[in-house]
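Take a look at the structure set out below.
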Amino acid sequence: MKTQKFLHIFILALLGSIFSNSFNLAWAIENKSRVISSYWQSDSTSYSFIAVSHSSLSGLASQIGLVVNAIQTDQTAFGTAVTFTISAGTTQRIFIARTNHSVINSTTIPTASFIIGTTNYKHGHIRIDPVASNPEISINPAITFLESNLELRGFKDVTMLNYWGAIVIESNTTGFAMEFIGDMHDSSAITSMDSSVPVSGVN
């Protein structure tokens, strides 16, 4: 009986070690349909600002829904996630700020969206998900992929929107930019690229 229990434990441990990498990959956030930013912060002296723009590119749906989450370092949400729909040719502003901020609030900026949390120092990453369950599928499936009329095809793809943001230090109105991974301006250098060549463009 002891040998059989030992054998079961050994087999489970072996399977866990073999499949652990594959199992973890299943839960990874990929930038095929999502956008992330590696850092945001909010406290009594700072807040984060994000702008999302729909550039009306052909191939995009005229309206795209997205969910913006501010995830803290302990993997919990900082305030309630913001869900909104952005229309072609518009920009939506999002502020991540402390409770009862005197200037950054829905009364003084009624057209913006807010993720409001504690006044204590908090930081983490941003995750932007599509509202559409299959953003890679055209909203008009009657039009085939090979047809040239991209405007009628329309994808609800959050990775084709423009994102920019900043961490704002209020005492001297300075700060630093936020980097977004997976958006329209996502960029990276390839290994064969000469170091004198600037990095730009979509991956």
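Here, each number is a calculation from the coordinates, and none is a lab measurement. Computed from a prediction, not measured in an experiment: that's the story for all the values here. Every residue, glycine among them, receives a Cβ derived from its backbone with ideal geometry; neighbour counts consider all protein chains shown.
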Quick calc, region 30-181, dipole around Cα centre from Cβ unit charges on Lys, Arg (+) and Asp, Glu (-), nearest 20 debye, gives 180 debye
What ranking, highest mean first, results for peptides 107-113, 86-92 when packing means the other Cβ atoms within 10 Å averaged over each residue? 86-92, 107-113
The exposure ranking of 40, 164, fewest beta-carbon neighbours within 10 Å first, is 164, 40
Calculated P(r) of region 30-181 - Cα pairs past 22 Å, %: 42 percent
With the charge dipole of region 30-181 built from beta-carbon charges (+1 for Lys and Arg, -1 for Asp and Glu) about the Cα centre, the Cα from 138, 117, 63 projecting farthest to the positive end belongs to 117
